[in-house]
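What follows is calculated from the coordinates using simple rules that are stated; it is not laboratory data. The structure displayed is predicted, hence computed values, not measured ones. With ideal geometry, Cβ positions are generated from the backbone for all residues, glycine too; neighbour counts draw on all protein chains shown.
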Amino acid sequence: MIAAGPILADLFLSVAAILGLASLDRVIAGRGAEDPLNRRFLTGIRITILLFAGRALAILTGMGMFRVVVLIAAALVPVAVLILTEGLLRRHAPRRIKGFVAVGAGVFVFLAIVPLGNDWWRLIGLLCFQVGALLACGWLVLRRDRASLSWSENRAVERLGLSLILLVPLAAVDFLTVQLGVPIQVSPLAVLFLCWLAIGLGRTETRHVASLLDVGVTVVAALAAAGLVVVIWGLDFAGGVVAGAVILAAAMVATVTIEARQSRLATQGLSLLRRLAGGGEDADAFLAGLRGHPAIEGAVVIDGAAFDGLDADVLDKLFAAHPVLRRGDVVADAEGDHAAHLFARYEASHLMCLARTPLRLVALSMPSVAASSATELELRVVQRMAMLMGRTDHGS
């Protein structure tokens, strides 16, 4: 069982990398699979998935054909990195770099298929090719014309460069596990970090720093847990490396999966702000265009005779101070009595002012547990837009 530990750990790390890459694939595809840059990214992701799937299947079955798949995918990884780098930089790479990557990929795909008596030289050659190609891409990143790229493009390129800094040495370790005394292949950890960086490209800088701190905490906690396991079970160096890699991979998979899910929800979520442009040319059409959102669905417009028996001056003062009024904000005074009457009559949780002359409100029913601060802010934006449209409709 002890001897099987590193083998099972390699299998676990390969599966972890596949899960992380699959999460990234869904996020990138959700941002637009037909976008030229996204297509380049997805190509690289799927080649890397093929590599780790080949590793996992080779471990599970022991069949040599899957090792050929791994070698072919490894030979194509530099091509994927180069075309992604060109897309991010919006520049073609120098012809000598393109030629080196193209010829190298062709040679090592051919050598992956042809059986060799001594596999050592093929692996060393493939290692040198991969490291050389990744360093060339890193050189392109460092020498880029920053002024020709936007802030977000520069940030995306920097994330790629940061991932290459980690990927190059860990990819080299994969080829030299026996010589370095490392019991497992550790490149999946770099791949998971790359997945996290790529998913986070859509964050604001503040959110990115906060997320970076979260990942730092995750890494520290995983290494601390691994250290505790080493002490408790008295593991040697090899056992400690295996334990640390497995725990860290599990933690990173969880982090990447959560980040991917949040990114997809942010992209696909039903946001009022996403519907502002589809509401029409006037206030009524604007509100009609928002009906598909859960916060607006079922809203009741209050105007005209609905205010009979209520003091117009009190209502005007109330909604001048509170354009979006929550039931919980009602106080015990004349204004509060008027508001409480409307809340009770329409079973509303929010009253939103669309126009003050003549007074026009919208009653919304949204449980307090569903009223997040983001939704409250969106309601204020909708109220402001509708009021401005109403003023335009009346020629003011």
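A compact table of results
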quantity	calculated
Efficiency of FRET between Thr257 and Leu176 - r from beta-carbon atoms, R0 45 angstrom, step 0.05	0.90
Paramagnetic label zone (point 7 Å from Cα along Cα-to-C-beta, Ser148; backbone N under 18 Å) in the range 46-89	82-89
Sorted by Cβ neighbour density within 10 Å, fewest at the top, the residues Phe237, Phe175	Phe237, Phe175
